[in-house]
């Protein structure tokens, strides 16, 4: 049986208020961050998420830790504390998910800008070729009627 959990946290990140929406499905976590201007009221946050839920961009799935409500074996807790002291990925699951989302969007932007740059390069090349063809053709014939009536 797969358990679904959702958590919404509204916090102040100077100079704006932000909402962090986490969806946990089993041991996987996906996160979406929404930035508000002034401090939103509870009803405004609820209305926003109801109106724009389909437009939210969630981060890629991040494998999460087991449910913190269960009691942990003391030996396991000591082992995990020792592992936590060693340098590894920093931040919470939500922060890691947001970092993945930022990296993914950065890669999309780079790919889009590369495509635009290539298209611009192709257009310039086509213009150069056209100019070169026009030069090789020689002079253009004059129109029969060079003045307007």
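The values are calculated or read from the model by the stated rules, or taken from the named source; none is laboratory data. Just so we're clear, the structure is a prediction, and the values are computed from it rather than from any experiment. Here Cβ is always computed from backbone atoms with ideal geometry, including for glycine, and neighbour counts include all displayed protein chains.
Scanning the range 42-72 for residues that are assigned to a loop (DSSP other than H, G, I, E, B) and either surrounded by 10 or more Cβ atoms within 10 Å (Cβ to Cβ) or touching a helix residue (DSSP H, G or I) at 6+ places or on another chain (Cβ under 9 Å) (or both) gives 56, 57, 58, 59, 60, 61, 64, 65, 67, 72. Condition first: surrounded by 13 or more Cβ atoms within 10 Å (Cβ to Cβ) and assigned to a loop (DSSP other than H, G, I, E, B). Can you find one or more residues in the range 23-39 that meet it? Yes, that holds for at least one residue. Can you say whether residue 146 is part of a loop (DSSP other than H, G, I, E, B), over 34 Å from the mean Cα position of the chain (by Cα) and either on the phi < 0 side of the Ramachandran plot or modelled with pLDDT under 80 (or both), as far as the supplied structure shows? Yes, satisfied. Quick one: is residue 28 at pLDDT 85 or above, touching a strand residue (DSSP E or B) at 6+ places or on another chain (Cβ under 8 Å) and under 23 Å from residue 3 (Cβ atoms)? No, not satisfied.
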